[in-house]
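What follows is calculated from the coordinates using simple rules that are stated; it is not laboratory data. Here the structure is a predicted model, which is why all the values come from computation and not from measurement. Here the Cβ is made from the backbone with ideal geometry for all residues, glycine too, and neighbour counts use every protein chain on show.
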Amino acid sequence: MANIKNIKLADILKVRKSRTFLRLLPGLTFLIPLVLIALFVPYFPLQDPMKVNTVIRHQPPSFEHFFGTDVIGMDVFSRVMYATRIDFLISILCVLIAVSIGAPLGAVAGYFGGILETITSRFIEIFQSFPIMLFAMIIRIVLGPSVICLAVAIGICISPFYAKLVRSIVKPLRDTDYIQAAKVTGQTSLQIIFRHLIPNALPAIVSQFTLSAAVSIRIVAGLSFLGLGVPTPTPEWGSMIQTGAGWVIFGMWWPSVFPGLALFFTIWGLSQISQELESMYTL
Amino acid sequence: MGIFLLKRLGTLLLALFVISLISFVAVRSVGTPVYLMVGQDFTSEMVKSINARLGLDQPIYVQYARYLRGILNGDLGVSRFTYNPVIFDIAQRLPATIELTTTALIFMIFSCLLAGVIAALKEDKPIDKAILFESKVGVSVVEFWLGLILIYFFCYRCHLFPSPMGRLSFLAPIPKHVTGLYTIDSLIAGDTKTFLMAVHHLILPAFTLAFTIGPGTTLVTRATLRNILKTDYMRTACAFGLPRRLLYKYMLRNAAPPILTVLALAFGYFISGAVLVEVVFAWPGIGRYAVDALQNSDYEPIIGIILLVSVVYIVIYFLVDIICANIDPRYRL
Amino acid sequence: MLDLIKIRDLHVKVDHFEDTFYILRGVNLSVSMNSSLGIVGESGSGKTTICLSVMGLLPKGAKITKGKILFQGKDLSCYSDKQMETVRGKKISMIFQDARAALNPVLTVGDQISDIYCHYTGNSHSLGMKKAVEVLDAMGFPNARSRVKSYPHELSGGMCQRVLIAMALVSTPKLVIADEITSGIDVTIQSQVIELVKSVSDELSAGLVFVSHDIGVIIEACSDIAVVYSGIVFEQGNISTVLEKPLSPYTKVLLKCFEIGHSDRMSFIPGNTPDLKLVKLGCPFAPRCEYVMDICKVEVPKMKLYEPGHVVACHKYI
């Protein structure tokens, strides 16, 4: 007795309005400041994040440099703040790319069925069975060093998830009356997919946005740590951890620990919100 | 069951084919330094002869066939940095990674998996809430950052653990090579001092590695068991007065497929996540090898390692799938 | 006739997020040995909650706040979980509604029956499997020997139900509770299932409690009937007595709904079921009762003996 849930986004937001806000609060407490930082950091009175000054290198946290300076004298605090931009930007890009690849693929697989679905499903299974980090690495090697290529590589890695999600939503809808009616009135398959089917999958997709963002930030940081991510002078949390890594054993913890802390709070905030969104969707 | 096996085998072969294709494309896109090999004053004949020697003038599918044949013979290319065949380099460093990942897996099973089980059984009691909170926090921690923090506290501050310079202290003798795993080899040789030293060096990296997917495993185990405890069939088993022992057996048998799958994913993730941890702790495994190659723009080892690791991961995933289908008949549908 | 089980003034509440629902508001019920009681009522009237309370299987958040469940002289409502383990299965067995969900999907039905049998007799697993074949055969399974190795998802709903009945048979209880076991089964199979449960309880000389929202099924299966509405038992008695001479207004209206062919309109009871969140309700049927008096809105009617074997809870008869 499968009930085809045709939940609209409006319905989700109507459910338990006041409690919703309370439940999102923990995640938002961290995320909202981070987003604000990402948006407005150029207007903050910070030190120049790219200013190299070897005279003041390796200074511990102080009033002048809140998070200290790193191995070549760059101010860690301002770099961490500026890195917020890049990391958020890339993760948003990754999620958008993942959705734009995965959602149509899943919709096509679910709608047309038959051999198309089998082939697409096999591919999704195969791509999901690769360790995601290695997959990102190899695609990044193939595509090249720019930031866009990085985002595309990670987006490709995450897309199977969305393809599977959309397919599982579209498949039961295929035989409903209103889709049949759309077919009868002469709408093309493409129109049906984009005007009827994908909007039905939107609530589910949106509820997964933040989780995918968290995953992609993690991968970006990991790849940058290995040198495969954002090119070095640009401040990015992962690569900052990497530059400071060799000095921790000598007691200089601040160049690596603060970026990691920022990473932690971002990922944590995103995960919290994604959990709440997911439970709202499944209601 | 037979048909299911065939289908999964088919998917396995397809996956191996796809990964070999991807790595072939990667190798070709990285290119061969023909012009470097030829030198400054070159003639078109020299280029042609080198191309013919490397097989670069053949149609693409022939090149792919050659590549495939090479792989199956163990030829993963040659490292431009160490000048060794990649497979040789990997064989040298593999035991270190295996030691690390296996220890991490054991850590994880006895801490995180167990914690998940306990949290599910003691539902909503304080210990459940504590485990839940700790896991939720742990999931958001990035492993290479955690490793550095651990190094700072335990190596620099407390001197409890040795500094991350590899598997044994600087001048310690390496145990006689039987398996390549220092812990096992030193035990075989009866050398407890070296054994303890090897373990001492293993603890921090293995813990960090276990932490990468440990909290996630706890959450999945806990959620799976909680759901199972609420099912109708567990209620029926209770209703017929079955003893605790049998109830646990029923519960674990139903939980086995998702938990095994997560463990397989964990192992696969360990193999790849070991890259990050090995860098932080200067562990001489294949992960470090890959990163060193990367920094030297030496791409063949990386691709070789990725290929190897992906193959291992896919095979493990496949095996776990078969085991799950054995336990839970609904899988075979 | 001695009472096998007697429920006195049972109150059960359930905490669900911020709300508290008072599901049972003073249930009085009795089942004698060698008899079969049918509990009939609408969905949500509390029938299943009564059964779960007896078994000690109330879900998390549900609690017995008042009352006694006397089984063979002992009060089960005070039993701890460990003590209930000795009662469940061995003394009281329950057969649940959704049979396929009630069976463990990763074990064969033979294994599940054998596990129960071996637990109660201490026999080996192979003897247990032999017993499972025997018992499935008795349940009317063609080809029981191969069926014993089937998994629940390979069987139909009716077959799964029969497996559950087999499991109840094998645990040799003194009381069998069957909760809506005919819902979700083809009508043609329903009679078979009812016959099976009756024969099982006869064979075990056990009491039978049969819960259903369908009076037709209860008439077929039971000798006594109890009518439940919103957490209160309104009437209990011999089935023919109650059907011929229904005392409680609710019973009268309920029976009218089951009449076929008297008029071209379906009978229905006007009004809605009461809000279970209210602590004090008075008689829950008061808003919809045609004999309602002032006292009905304030006080819950107590169970009174009208004639031997026939009790009713209604202010009309007090």
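A few points about this structure:
- Centroid-to-centroid separation of region C:67-130 and region C:302-318 [C-alpha atoms, Å]: 35
- For region B:72-120 versus region A:48-104, the inter-centroid distance based on Cα atoms is 32 Å.
- Partner chain coverage, peptide B:286-293 - average Cβ within 10 angstrom: 1
- The chymotrypsin sites (Phe, Trp or Tyr not before Pro) of region A:45-147 that meet both conditions, a loop assignment by DSSP and at most 12 other Cβ atoms within 10 Å of the site Cβ, are A:PHE63.
- Cα lying deepest toward the dipole's positive end in the protein assembly as shown, options B:GLY2, B:PHE88, A:ILE158, charges on Cβ: B:GLY2
- Remark: relative contact order (region A:119-254) = 25 percent; criterion is Cα-Cα distance under 8 angstrom and separation of 6 or more residues.
- When the Gaussian network model of chain B links Cα atoms closer than 10 Å, the mean-square fluctuations of B:VAL139, B:VAL27, B:VAL47 top out at B:VAL47.
- Assuming charge only on the beta carbon of Lys and Arg (+1) and of Asp and Glu (-1), the dipole of region B:93-332 about its Cα centre is about 1020 debye to the nearest 20.
- If you take the Cα centroid of region B:257-316 and the Cα centroid of region C:1-65, the two points sit 58 Å apart.
- Computed FRET value (nearest 0.05) for A:PHE44 with A:VAL206, which takes r as the C-beta separation and R₀ as 22 Å: 0.10
- Seen from a random direction on average, the alpha-carbon convex hull of region B:240-333 projects onto 8.7 square nanometres.
- For region B:185-292, chymotrypsin sites (Phe, Trp or Tyr not before Pro) meeting the loop criterion (DSSP other than H, G, I, E, B) and having at most 11 other Cβ atoms within 10 Å: none.
- Cα-based Rg / Dmax (Å) for the protein assembly as shown: 34.4, 120
- Sites C:ASP9 and B:SER297 - FRET efficiency at Förster radius 60 Å, r taken between beta-carbons, to 0.05: 0.10
- Restraint check, B:LYS230/C:LYS66; C:LYS13/C:LYS277; C:LYS74/C:LYS174; C:LYS90/C:LYS174, Cα-Cα greater than 19 Å: B:LYS230/C:LYS66
- Its DSSP H runs of at least 4 residues, each contributing -39,500 (n - 2.57), put the calculated 222 nm mean residue ellipticity of chain A at -23500 deg cm²/dmol, to the nearest 500.
- Top positive-direction residue, dipole computed over the protein assembly as shown with Cβ charges, set B:VAL262, C:ILE113, A:PHE250: C:ILE113
- When you work out D = kT/(6 pi eta Rh) for region C:175-318 at 20 °C and 1.002 mPa s, using the Kirkwood radius from C-alpha pairs as Rh and the Stokes-Einstein form, the result is 128 µm²/s.
- In chain C, Cα pairs under 8 Å separated by at least six residues give a relative contact order of 21 percent.
- Two-site label geometry, B:TYR248 and B:PHE17: point separation in nm, points 7 Å out along Cα→Cβ: 4.7
- Reachable lysines from C:LYS252, criterion Cα separation under 22 angstrom, eight or more residues apart if same chain: C:LYS47, C:LYS297, C:LYS302, C:LYS304, C:LYS316
- Per residue of chain C, the DSSP helices (runs of n ≥ 4 H) give a summed -39500 (n - 2.57) that works out to -10000 deg cm²/dmol at 222 nm.
- Using alpha-carbon coordinates, inclination of helix C:187-203 to the longest axis of chain C, degrees: 80
- For peptide C:160-173, the mean count of partner chain Cβ atoms within 10 Å of a residue's Cβ comes to 1.
- Inter-probe distance in nm under a simple model that places probes 7 Å from Cα toward Cβ, at B:ASN51 and C:SER191: 8.8
- P(r) tail fraction, region B:93-332 - alpha-carbon pairs more than 29 Å apart, %: 39
- The sum of -39500 (n - 2.57) across all DSSP H runs of n ≥ 4, divided by the residue count of chain B, sets its helix-only mean residue ellipticity at 222 nm to -24500 deg cm²/dmol.
- Highest-fluctuation residue, C:THR241, C:THR49, C:THR182 considered, GNM on chain C with Cα pairs under 10 Å: C:THR241
- Between the beta carbons of A:ILE115 and A:ILE148, assuming R0 = 30 Å, the FRET efficiency works out to 0.35 to the nearest 0.05.
- Spacing of the two label points (7 Å from each Cα toward its C-beta) at C:LEU305 and B:GLN92, in nm: 9.7
- In loop segments of region B:112-175 as defined by DSSP, the chymotrypsin sites (Phe, Trp or Tyr not before Pro) with at most 11 further C-beta atoms inside 10 Å of their C-beta are B:PHE170.
- Most mobile of A:SER91, A:SER212, A:SER121 in a GNM of chain A (Cα contacts under 10 Å): A:SER121
- The residue among A:ALA103, A:LEU39, A:LEU173 whose Cα reaches farthest toward the positive pole of the charge dipole of chain A, with charges on the beta-carbon of Lys, Arg, Asp and Glu, is A:LEU173.
- Each Lys and Arg contributes +1 and each Asp and Glu -1, all at the Cβ; summed about the Cα centre of region C:99-172, the dipole is approximately 100 debye.
- Ratio Rg/Rh [Cα only; Rh per Kirkwood] for chain A: 1.06
- Of all stretches in chain C that contain no trypsin sites (Lys or Arg not before Pro) in a DSSP loop with at most 15 other Cβ atoms within 10 Å, the longest one is C:150-264.
- Shielding by partners - mean other protein chain Cβ count within 10 Å, residues of B:7-18: 2
- Value of relative contact order over chain A, rounded to a whole percent, pairs C-alpha under 8 Å and six or more apart: 25
- For chain C, the Cβ-based charge dipole about the Cα centre amounts to some 760 debye (Lys, Arg positive; Asp, Glu negative; other atoms uncharged).
- Rg over Rh for chain C works out to 0.99, both radii taken from alpha-carbon positions and Rh defined as the Kirkwood radius.
- In this structure the amide hydrogen of C:TYR229, modeled in the peptide plane, comes within under 5 Å of the amide hydrogens of C:PHE234, none closer than 5 places in sequence on its chain.
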